[in-house]
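Read-outs: derived from the displayed coordinates by stated rules, not from any lab. The structure presented is a predicted model; accordingly, all values stated were derived computationally and were not measured. Methodologically, a virtual Cβ is constructed for each residue, glycine included, from the backbone with ideal geometry; neighbour enumeration extends over all protein chains shown.
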Amino acid sequence: MNSLAPRWRTSLIWAWTAAVVIFMYLPGLCLLLASMTSSRYFIFPITKWGFAWWEKTFASLEIHQLFQTSLLIAFCVTVIAVTIALFGALAFARYDWKGRSIYQKIVLLPIFFPQSVLGLSLLLWFNALGLTMSWQTAVFAHLVWIVPVCTLVISIQVYSFDPALEEAAFDLGATKWQVFREVTLPVLFPGIFSGALFAFLLSWGNFPLSLYTTGADTTIPEYLYAKMVAGYTPGVPVLGTVSTVGAAGLLLVGYAIIVMLRRRRAASDQSEV
Amino acid sequence: MNSRSPILQLRKLTKTFGSFTAVKEINLDITEGEFFTIVGPSGSGKTTLLRMLTGMESATSGDILLRGARINDLPANKRPTCMVFQSLALFPHRTVGQNIEFSLKIKNVAPDVRKARALQLMAQLRLPQDYYGKSVTKCSGGERQRVALARALAYDPDILFFDEPLSAIDYKLRKTLEKELKDIHRETGKTFIYITHSLEEAMVMSDRIGVMRAGQLVQVGSPQQIYSAPETKFVSEFIGDVNVMAVTAKGSSIVHAAEFGVDIASPAVPAGFTAGHLVVRPESLRFIENRSGAENCLEGRLYNEYVLGSRIQYQVRVHDHVFIVEKLRQQAFAGQRDDNVLIGWDAKDSILVTD
């Protein structure tokens, strides 16, 4: 059928797709170009190409510290958010209970809070409670926004879950815990994994919540902002590129892990015969 | 083992949801090794009844006795019974083998013993042995049915329950699987309790059938009894196309059909029967040349005909009442649409039922 479509129609679809892709990825490309200069200032077109700023950035202890803080926060957020969101999603999509409709709306509302306002209000609360701002308070702040997102992502998987699977396992002699471990968890795993990726990446790239709540600790997005406001060096686009590529890399690694697990499962199935 | 002893006894079993009574005071004895089918339209409470028997729903009142012991409070995972679900509920992340072995894995049976048992069940259910490592999501509808049955049999239950597992299967395959299931019942000798909304399906497989209506068992009997001696209009109509006439008692074997203004020769009118319905099956009605051709006769107009493969049905309208006459294809009726025809039947071919 497709081959019968007029040639110009196919060409138009390709042109449109290319335009959208360029629109989305050109800024990222500019970031990469801006990092590959040997001069001190940000000038287009680039006159002197070089990787001097890449070397400086990777050698900097300060940058290492930033990575550690950002990773630590994102890791804690992921673990806590997925745990809360999994059970939240089961309540959201699996069980029918009085008040579920209201719960569904309330739990998603924080996604739409303006994050800078949310950050400020959390800062005021932490102060009122006498807490010192640090990466731990940032974890809490991120959770307020990321748990709802994560709940929504996992809920999508839970909606397609047939409750009869749990009943069947229970009927076949499994305890409630065995049902959860052998059936519920593995069947929901793809959703849980995407929820975890979402949580990690949203925390990794978050700026407005971190700005108010990290205190003396600094995350990569905060550092980038501070440096752009005052003291720009081509180290900024270097770090920006590394951070972006790192996030993209994580997505690919995550995908690769899923593919690998599937292959291994298929292989072990075959060897059992 | 005494094959006559009841394995499952229900005593005034009742389930209410708020003010709604889904299952009402059901009394029933099921014999060891029996294939018992509960049949009823949707909303008749058959699924709720089954869920109480499996332990997935608690009974509001009454008793469920398994070999004489009350099991009301035993959860589903502690009951020696197992169910084949309507959706089959095969574990999508597991292979055919892993699905079948699930209950054995839960019981910590050694892997090689589990596998031997699974392969044995697969052979019994005519699943190819190399399906052991196949993902269940890649199996066809009929294969999935067999995997679900094998998984339930691996649990070695005293009673197997079936919740309309064949309802989503196309007609031809369903007919094959119905017969296979009856063969499996024979081979295993286990007690099967099956629910369906299709009495046709129930007839093919069952030793006994219980018809449910609005939470109550309205008639229990062999397929023969249900077919030839329905006690109520509901049961008679549930079997398929029937001709039903409202009648009142007039003599020892005469009833009056006010709708047609005629007296009708009927089977012996039971004591206490004042008003009810007379049921005549389509195959018991026939076209006749003149009024002496049958004990009872009505004049109507041939309205339409339906070819059902080996049989043909004719719709005959008597006033506004529609009658269905069924004949074998070889004995097709030569009448044309809108012809005036005489239809007749004998008293012995009709059944008197109450509402």
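Spin-label model, residue A:101 to residue B:65: label points 7 Å out along the Cα-to-beta-carbon direction sit 4.6 nm apart. Selection among B:161, B:36, B:95 by position relative to the dipole of segment B:6-233 gives B:95 as farthest towards the positive end (Cβ unit charges, Cα centre). Simple rule: put +1 on each Lys or Arg Cβ and -1 on each Asp or Glu Cβ in chain B, find the dipole, and look at B:61, B:76, B:110; the Cα lying farthest toward the positive end is B:110. Using the Karplus relation 6.51 cos²θ - 1.76 cosθ + 1.60 with θ = phi - 60°, the per-residue 3J(HN,Hα) values for segment B:96-110 come to 3, x, 5, 5, 5, 7, 3, 5, 6, 5, 4, 7, 6, 6, 4 Hz, with x marking Gly and Pro.
Note on chain A: dipole from Cβ charges, positive end direction compared against A:80, A:140, A:198; the farthest Cα belongs to A:198. Once divided by 2.2 N^0.38 Å, the Cα radius of gyration of segment A:62-260 becomes 1.17. Enclosing the Cα atoms of segment B:93-145 in their convex hull gives a volume equal to 73 cubic angstrom per residue. Segment B:47-108 and segment A:82-115 have Cα centres lying 31 Å from one another.
For the protein assembly as shown, the mean residue ellipticity at 222 nm estimated from helices alone is -15000 deg cm²/dmol, where every DSSP H run of n ≥ 4 contributes -39500 (n - 2.57) and the total is divided by all residues, rounded to the nearest 500. About the centre of its Cα atoms, chain A shows a dipole size close to 640 debye [charges on the beta carbon of Lys, Arg (+1) and Asp, Glu (-1) only; nearest 20 debye]. Applying the Karplus relation 6.51 cos²θ - 1.76 cosθ + 1.60 with θ = phi - 60° to segment A:101-106 yields 3J(HN,Hα) values of 4, 5, 4, 4, 6, 4 Hz, where x marks Gly and Pro.
Put simply, the C-alpha atoms of segment A:175-231 give a gyration tensor, and the ellipsoid matching it has half-axes of 40, 11, 6 Å, longest first. Any chance you could give the angle, 0 to 90 degrees and rounded to 10, that helix B:171-188 forms with the longest Cα principal axis of chain B? Once rounded, the angle reads 60 degrees.
Within the listed set A:145, A:97, A:14, the Gaussian network model of chain A (springs between alpha-carbon atoms below 10 Å) gives the highest mean-square fluctuation for A:14.
Only the Cβ atoms of Lys and Arg (+1) and of Asp and Glu (-1) were treated as charged; on that basis the dipole of the protein assembly as shown about its Cα centre amounts to roughly 1680 debye. For segment B:6-233, the Cβ-based charge dipole about the Cα centre amounts to some 460 debye (Lys, Arg positive; Asp, Glu negative; other atoms uncharged).
The alpha-carbon positions of the protein assembly as shown define a convex hull whose volume is 276 Å³ per residue. Per residue of peptide B:73-81, the mean number of Cβ atoms on other chains within 10 Å of the residue Cβ is 3. Coupling constants for segment B:290-299 follow from the phi torsions by the Karplus curve (6.51 cos²θ - 1.76 cosθ + 1.60, θ = phi - 60°), and in residue order they are 9, 5, 7, x, 7, 5, 10, 8, 9, 9 Hz; glycine and proline get x. Cα gyration tensor of segment A:1-77, axes a ≥ b ≥ c as square roots of the eigenvalues: rounded (a/c below 1.5), prolate (a/b > b/c) or oblate? Oblate, because a/c is 1.5 or more while a/b does not exceed b/c. Working note: Cα gyration tensor of segment B:227-294, eigenvalues times five, square-rooted, sorted largest first, giving semi-axes of 19, 18, 11 Å. Around the amide H of residue B:266, modelled in the peptide plane, lie the amide H atoms of B:254, B:255, all under 5 Å away and 5 or more residues distant in sequence or on another chain. Highest GNM mean-square fluctuation among B:267, B:128, B:157, for chain B modelled with Cα contacts below 10 Å: B:128.
Using a ≥ b ≥ c from the Cα gyration tensor of segment A:29-120 (square roots of the eigenvalues), is it rounded, prolate or oblate, where a/c under 1.5 gives rounded and otherwise the larger of a/b and b/c decides, a/b for prolate? Cα axes put segment A:29-120 in the prolate bin. The label-point distance for residue B:182 and residue B:25, in a model that sets each label 7 Å from Cα toward Cβ, rounds to 3.5 nm. With no solvent and one equal point scatterer per Cα, compute the Debye intensity ratio I(q)/I(0) for chain B at 0.15 Å⁻¹ and report its log10, rounded to two decimals. Taking Cα atoms of chain B as identical point scatterers yields -1.21.
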